[in-house]
Amino acid sequence: MTTTEERGYTPAVQGTGFRATVQRFGGNLAAMIMPNIGAFIAWGLITALFIPTGWIPNDDFGQLVNPMIFFLLPILIGYTGGRLVHGQRGAVVGAVATVGVAVGAGAVMGTELENASPMFLGAMIIGPATAWLLKRFDALVEDRIRPGFEMLVNNFSAGIIGGGMALLGAWAIGPVMRTVTNAAGDAVSWLVDRNLLPLASVLVEPAKVLFLNNAINHGVFGPLGVSEAAETGKSILFMIESNPGPGLGLLLAFFFFGPRNLRATTPAAMIIQFLGGIHEIYFPYVLMKPRLIIAMIAGGAAGVGTFMITGAGLTATPSPGSIFAYFAVTPRGGYVPMLLGIVIAAAVTFAVAAVLLGFGRLEPKEDPEVADGDAAAVPPDADPQPGTQPEPAREPAGVAAERTTA
């Protein structure tokens, strides 16, 4: 399911190994989520403004929150996922099937939705799967439809496959995904209750620099965070992977103490990462010196710990993970905790990275091309090094023979 949209959001992935497979999976998640980020932001703004704990509570406008989170957003994801697989026909059946998953997870209009779960993961599965089935069917009957019956076959095949998958989603996939989501939420709650959520950085930060950030953010923390935000108005889970602080701290350390031939590249990278929210820009810096992953883990854990202590949280996924996106989805009264977590994460990452870089003393001062050789280049007229003797000049063989004869 490699698409133009996917390549626009994530780096192209080469190879067939496990890491490449997971990277493609993350790219597919991003390709389904990113085109709909505007809808997520709309939901986050409505939630931040009109829920009882929002900026301007309003019961009428607040009624938009549940239908959007339980129906609109999953259907958009299922629609986009189906479109990536089989164009407009795939989009239609993907949206139809997603309704079945939403209902199977407990989302029924007119109820309190207390036991329901937003089916983002279910939509990511059933939307592309339904479109793939329709694509296989279309390929099977492509040359067997009598002229004049194309529209009839196309419409009925889409209706039957989409409706059948909606029934399957309501009967099996929705309940299963709700169980999985609840289990993942319980695991995160276990970490939160024991003040161990910063330990998540031990897994998150190494996975990010392997370009698995989309799989982590959109596949794990995003859906769980939406469920929590629907109940409490905010969630710290939106801030674990997306925090721009560690990346900023790392790039600052490279600017001051990194290899001299790379320092000039870091200001632009800081702008792209911190203001633009494109975290992938700093991944190669870490991969260049793998020991710096320790700095990323330390900074990420410090940021998460600060968010926990100060009670920080966001109302929706800050995508892309820039400081501007953070301000846009921060609830009332949450700006200071949010900024404090970002600043501390950046400071800790910078300090640890600076130590690991030896405060610049580990980097050679001479031309890197010369330093990479086995020995430093010495000009022809340079004096010999102390403790060494120049090699005696060799005379031509004929001159040496005459001298011996004489």
Consider residue 70 carefully, then state whether it is within 19 Å of residue 121 (Cβ to Cβ) and not acidic (Asp, Glu). yes
Of residues in the range 331-356 being modelled with pLDDT under 90 and either of a type in the set (A, V, I, L, M, F, W, C) or over 24 Å from the mean Cα position of the chain (by Cα) (or both), the one nearest to residue 307 (Cα to Cα): 333
Return the residues of the range 193-207 that are at pLDDT 80 or above and in a helix (DSSP H, G or I); say none if nothing qualifies. 197, 198, 199, 200, 201, 202, 203, 204, 205, 206
Restricted to the range 218-248, and to residues that are more than 14 Å from residue 204 (Cα to Cα) and aliphatic (A, V, I, L, M), which residue is surrounded by the fewest Cβ atoms within 10 Å (Cβ to Cβ)? 230
Residues that are among the polar types (S, T, N, Q), at least 2 per element: which helices (runs of 4 or more DSSP H) completely within the range 232-310 meet that? 293-310
Scan the range 320-340 and report the pairs whose first residue is surrounded by 19 or more Cβ atoms within 10 Å (Cβ to Cβ) and whose second residue is of a type in the set (Asp, Glu) and in a loop (DSSP other than H, G, I, E, B), with Cβ atoms within less than 9 Å and a gap of 6+ or a chain change. 321/241
Hey, can you tell me all the residues within the range 240-256 that are of a type in the set (A, V, I, L, M, F, W, C) and modelled with pLDDT under 90? 240
From the option list 317, 265, single residue qualifying as under 30 Å from residue 31 (Cβ atoms), polar (S, T, N, Q), surrounded by 21 or more Cβ atoms within 10 Å (Cβ to Cβ) and modelled with pLDDT under 90 is 317
So residue 119, is it at pLDDT below 95 and more than 15 Å from residue 77 (Cα to Cα): no
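The values are calculated or read from the model by the stated rules, or taken from the named source; none is laboratory data. Please read these numbers as outputs of a predicted model, since none were measured by experiment. Cβ sites come from the backbone with ideal geometry, for glycine too, and all protein chains shown count toward neighbours.
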